[in-house]
Each structure stands twice: as C-alpha cells, then as structure tokens.
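Peer 1: Okay, handing you the structure first.
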Amino acid sequence: MDTAIHLPEKIEGIKKRKSRRSKDRKERKRVKIFSGTGGKVKIDKKMKKLFRKRAREYNSDDDDDEANPEVGEANTRPLEEFSVGNSSEEEGIDGSDPDAVEEKGDSEDEGDRTQPGITKFTEGCRAFRVAFMKITKTNVSDNSLGPVLSAQKRLIAKKLAEEEAEWKSKGDAKKEKHLVGEKGHVKPANFLDSREKFLISVATKGVVKLFNAVNKAQNAQKGLNPSRFKDAKALGKRQKEAFFSELRKPSQAVDPPAKGDDGPAWAPLRDSYMLTSSKLKDWDKMPETTVGNDMDGIPLDSSSDSSSDDD
Amino acid sequence: MARFHNKKKAFVKPVVKKQSVDHVTGDKIPKSFVFSRGKLPSSLRHLEMDLRKLMLPYTALKLKEKKRNNLKDFLNVAGPMGVTHFLILSKTETAPYLRVARTPQGPTLTFKIHEYSLAVDVAQSQLRPRCPPELFKSSPLIVLSGFGTGDQHLKLTTIMFQNIFPSIDINTVKLSSCQRIVLLNYNKETKLIDFRHYSIRLQPVGVSRRIRKFVQNHQTPDLRNLQDVSDFITKAGYGSESEADDEAATVNLSSDIGRVNKASTKSAVKLQEIGPRMTLQLIKVEEGLCTGGVIFNEYGNEGGLIKQKDQAMEEED
C-alpha cells in the first residue's frame with residue numbers, strides 16, 4: 001500500500017479508508033503519517049480531496065450523502081448519520097455532546113482530509129474547543145499556564161518573584177564585575193580646571209623654548225660647521241632654499257646672522273624681546289622645565305659653534 | 001625554528017621602508033611594543049590602543065597578542081625588529097599597572113595607574129575636538145617637568161622617557177613635523193606623575209579673527225551688512241580672552257607652516273589635549289626586564305634587600 005494509489009484506483013483506496021473509519025484514531029494517524037511521507041502522491045490525494053470537497057459544497061448540503069458515494073455508502077456510514085442526527089440535537093444534550101462532537105470531528109476529518117493532523121480535537125485543539133463552548137454558551141477560561149489549581153495565582157506570583165530574584169542577582173554580579181574593571185577610569189570634566197591649565201602652560205613653555213631654539217639654530221646656521229660631513233648635504237640644501245627664498249622675497253630682508261647673537265641691533269632679534277615684562281624673563285634659567293631632546297646637547301649660545309669651528 | 005615562525009606570524013611584518021637609524025643624528029630610532037599581560041577589561045583595552053597611537057609611528061599599531069605568548073616571545077621578536085622598549089599594561093584588583101621596560105635587559109619601571117581617561121572621553125569633554133590623522137605621522141616631543149635632579153629613580157625615569165621617543169636635531173628639524181607633545185609632570189608632594197598628550201597648533205598673532213578664519217576656511221564671508229570691504233577688514237572684533245596669555249606663548253617661526261603662519265612673523269602656540277590622560281605613581285624599579293634586583297621600591301620592602309647586598313659586599317671586602 002504505497003505510492004501506487006492513483007486516481008483510477010481510488011476505489012480501492014477508498015475501500016481501505018472505509019474499513020479504517022471505524023478503527024482507532026491511532027491507526028488513522030498512521031494513515032495520515034503515511035500519507036505525509038509520499039511526496040507527489042500526497043499532493044494528489046490532497047487535491048483529490050479538495051476537489052471532492054468543492055464538489056460537495058457546490059452540490060449543496062442535501063447532496064452530502066450523494067456527493068460522497070465513495071466515502072459513504074448506505075451501510076458504511078451509520079456513524080455519519082448518527083452524527084448528523086446528533087448535530088441537530090446538540091443544544092439540548094450535554095452528556096453525549098462531547099461524543100457527538102468527537103464523532104463529528106472524526107467524520108469531518110474523515111470527509112474532509114485536506115489538512116491531515118492539524119485540527120485534531122483530542123490533541124488539544126483550542127480553537128475547536130472555543131467554538132464548541134461558544135455554541136453551548138459556557139465560559140471559556142484561558143489557562144495558558146496549565147490546569148486550574150486552587151492556589152494558582154499565588155503559585156504564579158511566587159514563580160515570577162523567583163525568576164526576578166535570579167535575574168537580579170545575576171545583574172548585580174555583572175555590575176560588580178563591571179565596576180571592578182572600570183576602577184580608575186574617570187571621565188574628564190568639560191571645563192579646564194586650574195590644574196589642567198597649569199599643565200597646559202607648562203607644556204606650552206616647553207614648546208616655546210624648543211621653537212625658539214630651533215629658530216635660532218636654523219637662522220644661525222649659515223657659516224655653521226661646514227667641516228661636519230654629516231650635515232654638509234643638509235646644510236647645502238638649506239642654504240639653497242634660503243637663497244631662493246631670499247631671491248623671491250627681496251623685500252623681506254633677513255637680518256644677516258653673521259652679526260652674532262650677542263647684541264643684535266634690531267630689537268626683535270634680542271633674546272629678551274617681549275619677555276622683559278612677563279614672568280618668563282629668565283626662562284632658560286628656570287630649573288623646572290627640560291625639553292628632552294637634543295636641545296641639551298646644543299647650548300643656546302654659540303659656544304659649540306666656535307668650538308666646532310676650531311676643529 | 002618552526003615554532004618560532006608560527007608565533008612570528010602573529011606579529012606585524014617588519015616594514016622595509018622604516019628606517020632604523022636616524023639619518024641625521026646617527027642614533028638608532030627607538031621602537032616600542034605596547035601590549036598587555038592577562039585579560040584586560042574593555043576600557044583598559046581602549047587605553048592600550050590609545051597608547052599605541054601615542055607611540056606612533058615607531059610602534060606596532062596592530063600588534064596581535066595571544067594568550068599563550070609570554071614575555072620571552074616578545075623578546076625574541078623584538079631583537080630582529082629593532083624594538084627597544086616595551087610598554088606593558090596589566091591589571092590587578094587594586095589598580096591597573098603600567099610597566100615601561102627597555103629591552104633586552106634594561107631596567108623596568110613599574111607605575112601604578114591611579115586614574116586614567118581615554119582619548120574618546122577627552123574628545124567628548126571638549127567643545128571642538130581636534131584629531132586630524134596626520135598628527136600621528138611624526139613622533140611626539142616630550143616635556144618632563146618637576147623631576148628635579150635629585151633622586152636616582154627620578155633620574156632614571158627621565159632618562160627612560162627621553163629615550164623612548166626619537167631625539168630631534170634642532171638644526172634640521174622641520175617645525176611642521178612637531179605636532180604632538182607628551183607632558184610628564186612630577187608632583188613632589190603627592191609623588192604622582194601627570195601624563196598628558198597634546199596637539200600643537202600655531203596661530204598667527206595680530207591678525208583679526210575674521211581674516212584668519214577667512215584665509216583658513218576659504219569660505220566667502222557674508223558682506224551683506226557692510227558698506228565696504230574695508231569694514232570687513234578693519235572691524236574691531238572682540239579680542240579673544242586668551243590673547244593676553246599668548247604674549248608668553250608667541251614664537252618667531254623660522255619657516256612657513258601651512259598657509260597662515262609665515263616665517264619671521266609672530267605665531268601663537270596653542271595646545272589642545274588629545275589622547276589619554278593618566279595619573280601615575282612610580283612603584284618599583286627593577287634592574288632586569290621585569291626581573292632582577294629591585295633598585296627602588298615605593299613601599300620600602302626592599303630595604304632588607306639592599307642591606308643584604310651591602311652586607312654581601314662588605315663580606316667580599
């Protein structure tokens with residue numbers, strides 16, 4: 001009993017179905033499961049059922065029996081008639097109603113097999129139950145948490161509280177860990193407080209010192225240690241650049257550094273230009289700041305130049 | 001040797017272009033590795049990244065370290081690559097620690113980081129944060145202040161930090177390449193060292209704000225309300241409050257930097273903080289690379305050790 005069932009053979013299949021109708025649902029389950037495994041055949045079967053169903057509906061209610069000649073024959077559908085009969089008397093009867101509905105469910109499933117296994121009442125189909133309860137106008141209580149217990153609410157509250165406590169403890173542990181990891185990390189303030197200003201001024205002093213030294217050294221470079229082989233190339237380059245810049249800007253006369261650093265006539269060249277009034281008068285004698293570069297090797301006066309000239 | 005190569009794959013390949021010897025001064029250019037020992041929390045990992053950026057360009061920016069790498073592995077790679085200094089971050093329950101060591105067997109300074117702020121924190125706290133990428137193309141200057149000439153360990157600290165960054169020759173240095181500065185300020189009372197990292201900016205002095213902005217930004221100004229262009233140029237805008245302070249901070253430049261700062265005109269030096277900010281305390285100085293005899297210990301535990309050494313020397317005598 002496999003995939004060999006085709007349309008012309010439907011009668012045999014139907015017969016088999018008929019014989020199973022009265023059997024257990026489990027066996028019907030089996031049929032359903034089986035029908036699920038066959039690929040194309042399943043669809044074919046489904047399509048068959050669908051077509052039959054449509055035909056049935058088209059042919060109106062009275063013709064149900066006639067529309068299912070294959071499904072139901074005179075002696076083979078006592079249940080169906082019974083259920084049909086029952087359905088008309090549903091409202092009044094309580095006891096047999098579940099059975100009737102079950103049967104009805106069966107028959108419905110039997111007759112309408114477009115969706116095997118989805119709306120099985122005994123498997124806990126809630127929608128079906130709701131529909132039935134509506135018909136019988138009883139209360140439908142929604143208990144997603146399980147069967148109704150007398151102390152249900154208290155139980156629920158307890159469980160929720162437990163869960164919350166658990167999450168909270170985990171959260172606390174995480175927070176603590178995070179705090180320990182962040183130890184020492186501070187976010188700076190938006191404004192510059194006095195300490196920061198002081199530090200910036202210290203750094204600025206250092207930079208100014210350096211730039212002035214560079215300025216001096218690079219301006220005083222002409223005529224400077226031509227004997228040093230290492231610097232010769234750089235020196236020549238710089239001389240060329242200076243020469244060309246001088247050519248381009250004849251108006252901006254660069255004061256000849258050959259005058260020496262001891263006492264330039266022009267005020268801006270003196271060391272103490274602009275610094276007499278401020279606190280930085282003797283800034284190169286201040287013990288605090290040292291610029292950690294080669295500056296230490298090059299004193300700010302020209303003693304090294306003279307010594308190297310002597311070489 | 002195969003194992004050595006496996007581990008080497010994790011490190012940055014040596015870049016052929018980089019010079020190992022400074023052309024001008026002839027000294028070896030110091031290079032550094034910044035890495036961490038042990039698992040660090042996320043903010044310390046950011047700090048490690050900030051320190052790497054600070055040490056650019058002579059450091060391995062994308063240094064990959066695995067859990068199984070120990071100090072010996074780093075030492076093995078440091079030799080061929082010419083790396084001279086290690087900056088090691090670690091963390092205990094009390095505080096993060098920073099160790100500065102000179103390879104291969106140089107002294108190790110251990111600092112306890114009391115407080116630190118990341119570069120992103122600093123940028124968030126400023127109105128106009130400034131961090132153009134070309135800042136990191138040349139190494140920073142370093143300024144050490146407040147260390148004095150007294151104590152041995154302080155001297156060692158100054159020497160160590162001076163040697164971490166390549167030295168510059170003032171005869172040939174280009175001022176446009178001095179764009180960053182690292183400041184270490186020692187406070188005698190609290191024995192804490194403030195570590196700051198600034199960017200240097202030069203602004204021409206004596207030029208009104210509007211003209212300067214106009215030249216820098218290349219944006220056409222709004223002349224709607226003015227009768228004449230001369231109004232735009234000569235309008236007395238409010239002077240910046242910091243103008244007065246800049247008296248001390250002006251320099252005469254020897255060369256042109258950018259479009260606005262011309263040679264032999266006055267320019268003001270303006271510093272803006274970038275990069276991490278740390279408060280360090282020198283805890284320990286060891287002779288070897290994280291090993292060896294302890295030269296200095298903040299908590300005086302090695303007092304006994306020095307006495308033992310002295311006794312041994314006396315006995316030898």
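Peer 1: Filter region B:72-95 for residues that are within 14 Å of another protein chain (Cβ to nearest Cβ), among the hydrophobic types (A, V, I, L, M, F, W, C) and over 18 Å from the mean Cα position of the chain (by Cα) and give the result. Steps first, please.
Peer 2: Step one: filter region B:72-95 for residues within 14 Å of another protein chain (Cβ to nearest Cβ), giving B:89-95.
Of the ones still in play, those that are also among the hydrophobic types (A, V, I, L, M, F, W, C) are B:89, B:95.
Answer for region B:72-95, where residues must be within 14 Å of another protein chain (Cβ to nearest Cβ), among the hydrophobic types (A, V, I, L, M, F, W, C) and over 18 Å from the mean Cα position of the chain (by Cα): just B:ALA95.
Peer 1: On to the next question. May I ask you to verify whether B:GLN105 is farther than 30 Å from A:LYS183 by Cβ, more than 9 Å from every other protein chain (Cβ to nearest Cβ) and part of a strand (DSSP E or B)?
Peer 2: Spelling it out, it is not the case that B:GLN105 is farther than 30 Å from A:LYS183 by Cβ, more than 9 Å from every other protein chain (Cβ to nearest Cβ) and part of a strand (DSSP E or B).
Peer 1: Looking at region A:192-212, I want the residues that are more than 7 Å from chain B (Cβ to nearest Cβ) and have a partner that is aliphatic (A, V, I, L, M) with Cβ atoms under 6 Å, at least 6 apart or on another chain. Which pairs are those?
Peer 2: A:LYS209/A:VAL291
Peer 1: Now a separate question. If you check B:LEU63, B:LEU98, B:LEU56, which single one turns out to be of a type outside the set (Val, Ile, Thr), crowded, with 21+ Cβ neighbours inside 10 Å and either away from every other protein chain (no Cβ under 12 Å) or assigned to a strand (DSSP E or B) (or both)?
Peer 2: Working: B:LEU63 fails: crowded, with 21+ Cβ neighbours inside 10 Å; B:LEU56 fails: crowded, with 21+ Cβ neighbours inside 10 Å.
B:LEU98 is the lone residue from the list that is of a type outside the set (Val, Ile, Thr), crowded, with 21+ Cβ neighbours inside 10 Å and either away from every other protein chain (no Cβ under 12 Å) or assigned to a strand (DSSP E or B) (or both).
Peer 1: When you check B:THR92 against the structure, is it without any contact (Cβ under 8 Å) to a residue 40 or more places away in the chain and either hydrophobic (A, V, I, L, M, F, W, C) or assigned by the TED database to the domain that holds B:PHE195 (or both), yes or no? Before you say what the answer is, go through the steps one by one.
Peer 2: Values: without any contact (Cβ under 8 Å) to a residue 40 or more places away in the chain: yes; either hydrophobic (A, V, I, L, M, F, W, C) or assigned by the TED database to the domain that holds B:PHE195 (or both): yes.
So B:THR92 passes the test.
Peer 1: On to the next question. Out of B:SER145, B:SER139, which single residue is farther than 19 Å from B:LEU56 by Cα and either within 12 Å of chain A (Cβ to nearest Cβ) or in contact with a strand residue (DSSP E or B) (Cβ under 7 Å, 6 or more places away or on another chain) (or both)? Even if it seems obvious, please write down each step before you answer.
Peer 2: Working: B:SER139 fails: farther than 19 Å from B:LEU56 by Cα.
When all the criteria are applied, what remains is B:SER145.
Peer 1: For B:THR265, state whether it is modelled with pLDDT under 85, of a type in the set (Ser, Thr, Tyr) and assigned by the TED database to the domain that holds B:PHE111. Spell out how you get there, then give the answer.
Peer 2: Details: modelled with pLDDT under 85: yes; of a type in the set (Ser, Thr, Tyr): yes; assigned by the TED database to the domain that holds B:PHE111: no.
So B:THR265 does not fit the description; no.
Peer 1: Still on this structure: Of all residues being closer than 16 Å to B:LEU51 by Cβ and within 10 Å of chain A (Cβ to nearest Cβ) in region B:155-194, which is surrounded by the most Cβ atoms within 10 Å (Cβ to Cβ)? Just the residue, please. Even if it seems obvious, please write down each step before you answer.
Peer 2: Of the residues in region B:155-194, the ones closer than 16 Å to B:LEU51 by Cβ are B:160-161, B:164-165, B:180-184, B:193-194.
Narrowing the set further to residues that are within 10 Å of chain A (Cβ to nearest Cβ) leaves B:161, B:164-165, B:181-184, B:194.
Details: B:PHE161: 21, B:ILE164: 22, B:PHE165: 22, B:ILE181: 22, B:VAL182: 22, B:LEU183: 25, B:LEU184: 21, B:ASP194: 22.
Per the criteria, the residue is B:LEU183.
The values are calculated or read from the model by the stated rules, or taken from the named source; none is laboratory data. A quick note: this is a predicted structure, and the numbers were derived from the prediction, not measured. No Cβ is skipped: glycine too gets one built from the backbone with ideal geometry, and neighbour counts run over all protein chains shown.
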